[in-house]
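Here's the structure we're looking at; comments come further down.
Read-outs: derived from the displayed coordinates by stated rules, not from any lab. Since the model is a prediction, treat every value here as computed from it, not as a measurement. Note that we place each Cβ from the backbone using ideal geometry, even for glycine, and neighbour counts take in every protein chain shown.
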Amino acid sequence: MGIGLQGIDRGKYFLACKTHKRDKAGAQMELERSLTRLKTDHFDLYQLHHLVRPSEVKEVFASDVPWKSSSKPETKVKSNT
């Protein structure tokens, strides 16, 4: 898909990605890999895939993970809400 999107203005489409990882290192690794594969510098949406148990939701929101707000202006996910 990344090759097919080359040459198209990045502001003209919405690009989403997902992760199965629940820890910061794993989610960051998947994020970077997807950015490379899709040949882009950011996603418009980063989804946490297949949260089933309440403990998974607590783990995701309690940890320091890449989808949480960042003080850095160079974010790789446009919307984290």
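Sorting 28-36, 12-20, 52-60 by average packing, meaning the other beta carbons within 10 Å per residue, from highest down gives 28-36, 12-20, 52-60.
Please work out the FRET efficiency for the pair L5 and A25, using the Cβ-Cβ distance as r and a Förster radius of 25 Å; give the result to the nearest 0.05. My answer for the efficiency is 0.35. In this structure, H42 and A62 have a Cβ-Cβ separation that, at R0 = 35 Å, corresponds to a calculated FRET efficiency of about 0.90.
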